[in-house]
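Chemist: Quick one: the structure is below, questions incoming.
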Amino acid sequence: MASERTLSIIKPDATKRNLTGAIIDRFERRGLRIVAQKRLRLTTEQAERFYAVHAERPFYRSLVRFMTSGPVVVQVLEGPDAIAVNREVMGATDPAKAAPGTISKDFAESIEANSVHGSDSAETAAQEIAFFFSALEIDP
Ligand code: GDP
């Protein structure tokens, strides 16, 4: 299986509750390698741009407010089938629908404050990685 890269975000609800290490452990245990990582606080403008695809959704303003409410950890995960493996480790967007053992089930507070983001396709992974990292910042 071809090696892929995907963008992962540990969201403010999780950094606030000191869950960064516990979440990273889930990724590493599944064989995903962290090839770039940084902690930052998104500005409103950056969060709006990152979630622009949801601009017309009723939860957009609330989502932008949530994503700027505290620090996030953004990282590039690499491995065979990394996009799908990451989504599997994350679990369903809505913790009420998430399978046992997933990050969503074990850590998420709500459908919005759901602890992690993961790219949903190869195309969005490339866009989202470029949003946060330059080529020089990613371990070759
Ligand atoms: P993803 O594919 O799991 O990233 O989910 P979406 O792209 O559909 O939504 C992006 C993010 O918006 C999710 O990770 C949640 O943080 C938030 N979100 C999704 N659906 C809802 C909703 O119905 N209400 C609220 N408040 N937030 C939502």
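Chemist: Using the heavy atoms of the protein chains alone and a 1.4 angstrom probe, what is the accessible area of the stretch 1-40 per residue in square angstrom?
Modeler: Averaged over the residues of the stretch 1-40, the accessible area is 55 Å².
Chemist: For the stretch 90-140, with all protein chains present and a 1.4 Å probe, just round the carbon and sulfur fraction of the accessible area to a whole percent.
Modeler: Working: 1560 of 2760 Å².
In the stretch 90-140, the share of accessible area belonging to carbon and sulfur is 57 percent.
Chemist: Probe radius 1.4 Å, ligands and nucleic acids ignored: give me the carbon and sulfur share of the accessible area of the stretch 1-66 as a rounded percent.
Modeler: 48 percent
The values are calculated or read from the model by the stated rules, or taken from the named source; none is laboratory data. None of these values were measured; they are calculated from a predicted model. Heavy atoms of the whole protein, side chains included, go into the accessibility calculation; ligands, DNA and RNA do not. Shrake-Rupley method; radii C 1.70, N 1.55, O 1.52, S 1.80 Å.
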